[in-house]
Amino acid sequence: MANTPITVLRDTQPMPVVDACKWERIEGDPHTVNLNAYTSDDGSKIMGTWICTPGKWRVEYVKWEYCHFQEGYCIITPDGMAPIHLKAGDIFVVEPGMKGTWEVVETVRKYFVFA
């Protein structure tokens with residue numbers, strides 16, 4: 001919970017949550033670890049680290065997400081659009097309402113912010 005005006009990710013000690021992802025697995029056997037370092041008092045904002053092993057998910061975003069890939073490689077394909085290839089170093093935003101697939105080709109580690 002928020003108790004200071006600034007939260008620095010490196011100063012947090014989040015508890016790992018395994019396989020908390022609510023998306024539908026559609027290929028392979030991907031597994032996730034969430035390290036949620038910050039959650040706003042009302043629960044509307046979350047920040048932390050997400051790790052996922054290879055596999056493919058069907059996704060439907062209901063919140064805005066900021067992502068900064070630290071390692072790995074994935075392919076996000078919004079419905080009706082061309083695939084978007086993302087790798088370590090990439091920074092991107094996913095808008096609410098995006099539906100499609102998220103395929104982790106090489107284990108991904110990313111910083112994320114949901115709002």
Per residue, in Å², the accessible surface of region 33-115 once ligands and nucleic acids are set aside, probe 1.4 Å: 49
Scan around LYS45 for amide H atoms under 5 Å from its own, H built in the peptide plane at 1.01 Å from N, and keep only partners 5 or more places away or cross-chain. SER40
Note, ³J(HN,Hα) from phi for region 68-75, Karplus 6.51, -1.76, 1.60, rounded to Hz, x at Gly and Pro: 10, 6, 9, 7, x, 8, 9, 10
From phi via Karplus (6.51, -1.76, 1.60), per-residue ³J(HN,Hα) for region 32-44 in Hz, x at Gly/Pro: 10, 10, 9, 10, 6, 8, 8, 9, 5, 4, 8, x, 7
Note down the net charge around LYS45, summing +1 for each Lys or Arg and -1 for each Asp or Glu among other residues with Cβ under 13 Å from its Cβ. -2
Under a 5 Å amide H to amide H cut-off, with H placed in plane at 1.01 Å, what residues pair with GLN70 once short-range neighbours are removed? GLY89, ARG109, LYS110, TYR111
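Please give the length that would be gained between TRP23 and ILE6 if that part of the chain were fully extended, namely 0.36 nm times their separation in residues minus their C-alpha to C-alpha distance (nm, one decimal).
Details: separation 17, 0.36 × 17 = 6.12 nm, distance 3.03 nm.
Full-extension gain reported as 3.1 nm.
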So what are the ³J(HN,Hα) numbers for region 12-26, from phi and the Karplus equation (6.51, -1.76, 1.60; θ = phi - 60°), rounded to whole Hz, Gly and Pro as x? 9, 10, x, 7, x, 10, 8, 6, 8, 4, 8, 5, 7, 6, 10
Evaluate the relative contact order of region 19-83 (contact order divided by residue number), counting alpha-carbon pairs under 8 angstrom at least 6 apart; express in whole percent. 30
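Counting pairwise Cα distances across the chain, what percent come out greater than 22 angstrom?
Beyond 22 Å sits 30 percent of the P(r) for the chain.
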With viscosity set to 0.890 mPa s and temperature to 25 °C, compute the Stokes-Einstein D of region 25-69, Rh being the Kirkwood radius across alpha carbon pairs; µm²/s, no decimals. 200
Using a 1.4 Å probe on the protein heavy atoms, what percent of the accessible area of the chain belongs to carbon and sulfur? 56
For THR101, the residues 5 or more places away or on another chain with a placed amide H closer than 5 Å to its own amide H are VAL59, THR77, ASP79
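The values are calculated or read from the model by the stated rules, or taken from the named source; none is laboratory data. These numbers were taken from a predicted model, which means no experiment stands behind them. Using ideal geometry, Cβ is built from the backbone for each residue, glycine included, and neighbour counts are taken over all protein chains shown. Remember, those area values only see protein heavy atoms, side chains included, never the ligands or the DNA or RNA. Shrake-Rupley method; radii C 1.70, N 1.55, O 1.52, S 1.80 Å.
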